[in-house]
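Structure record follows, encoded as structure tokens.
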Amino acid sequence: MPRKYAILLALTLGVIVLDQWTKYLVVRDLTTRFDGTTTLGQRLGALYTPAEEVGRNGLHFQPRTHVEVVEDFFRLRYAENPGAAWGMFRDLPPNVRGPLFNVVMLGAVVLIVFYFRKLTGTDPAEVWALWGLPLVLGGALGNFIDRVTRAFVIDFLEAHWYDKAAWPSFNVADAAICIGVGMLVVDGFVRKEKPASAPAKA
């Protein structure tokens with residue numbers, strides 16, 4: 001297997017596994033969703049099956065507690081996002097939102113794979129794209145798994161300022177996408193085509 005595809009596979013799967021594992025831990029430790037379950041299979045079934053009805057606070061899985069990592073600045077708190085990044089399109093009807101996200105996801109995967117195939121995998125100038133594209137792909141697939149299995153994405157990372165201002169909750173997949181996009185922006189500057197030099201005069 002060429003090196004570039006080994007990087008694509010390893011990094012994409014790594015992001016997906018880390019994303020889903022952290023979501024499992026959040027549901028286990030911060031919500032009541034696993035109450036009454038005794039086996040890993042039962043817990044995975046509860047995690048990847050949407051609750052029948054929305055409960056208190058408009059959430060499907062009910063929070064039990066939250067964790068203050070840095071008081072007044074950063075916490076771990078369970079949240080649900082039926083929309084896209086930062087809650088965009090969350091008010092669309094489910095029968096519209098689902099197909100729309102599926103089409104966007106398919107288009108994103110096609111574009112990422114198309115762009116990745118054009119990389120040589122050996123040019124040092126490609127390093128930002130070589131690592132950035134798999135991060136975006138892994139993050140997109142991680143959140144896609146959530147939407148397909150339970151129609152909403154689990155978020156839990158919450159940066160805030162003394163509860164007066166807060167960044168929208170996010171997760172590992174969102175972080176991977178943001179880092180990956182940032183690397184692609186850098187790649188755009190690093191590999192920007194230079195204007196051709198004017199021909200020398202005789």
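The values are calculated or read from the model by the stated rules, or taken from the named source; none is laboratory data. Source: prediction; values computed, not measured. Because the Cβ atoms are built from the backbone with ideal geometry, glycine has one as well, and the counts that use them run over all protein chains shown. In case anyone asks, the SASA skips ligands and DNA or RNA and just uses the protein heavy atoms, side chains included. Shrake-Rupley method; radii C 1.70, N 1.55, O 1.52, S 1.80 Å.
Miscellaneous remarks
- Unique match (being modelled with pLDDT under 95, closer than 30 Å to Trp131 by Cα and surrounded by 15 or more Cβ atoms within 10 Å (Cβ to Cβ)) among Lys23, Lys4: Lys4
- So Phe34, is it of a type in the set (A, V, I, L, M, F, W, C), at pLDDT 90 or above, open to solvent by less than 80 Å² (accessible area, probe 1.4 Å) and outside any helix (DSSP H, G or I): yes
- Answer residue from segment 123-148, given it is over 15 Å from the mean Cα position of the chain (by Cα) and open to solvent by 30 Å² or more (accessible area, probe 1.4 Å) and is nearest to Thr65 (Cα to Cα) among those: Trp131
- Test: residue in segment 170-178 that is more than 20 Å from Lys23 (Cα to Cα), at pLDDT 90 or above and in contact with an Asp or Glu (Cβ under 6 Å, 6 or more places away or on another chain): no
- Annotation note: of Phe114, Phe156, Phe170, the sole residue that is farther than 29 Å from Phe74 by Cα and among the aromatic types (Phe, Trp, Tyr) is Phe114.
- Residue in segment 67-83 that is within 23 Å of Leu141 (Cα to Cα), among the basic types (Lys, Arg) and modelled with pLDDT under 90 present: no
- Looking across Gly139, Gly45, Gly107, one residue alone is out of contact with any helix residue (DSSP H, G or I) (no Cβ under 9 Å at 6 or more places or on another chain), at pLDDT 90 or above and in a helix (DSSP H, G or I). It is Gly45.
- Residue in segment 180-188 that is open to solvent by less than 10 Å² (accessible area, probe 1.4 Å), under 19 Å from Phe101 (Cα atoms) and assigned to a helix (DSSP H, G or I) present: no
- Some residue of segment 71-83 being farther than 24 Å from Trp161 by Cα, of a type outside the set (Val, Ile, Thr) and open to solvent by 50 Å² or more (accessible area, probe 1.4 Å): no
- Restricting Thr12, Thr32, Thr65 to those that are β-branched (Val, Ile, Thr) and under 21 Å from the mean Cα position of the chain (by Cα) reduces the list to Thr12.
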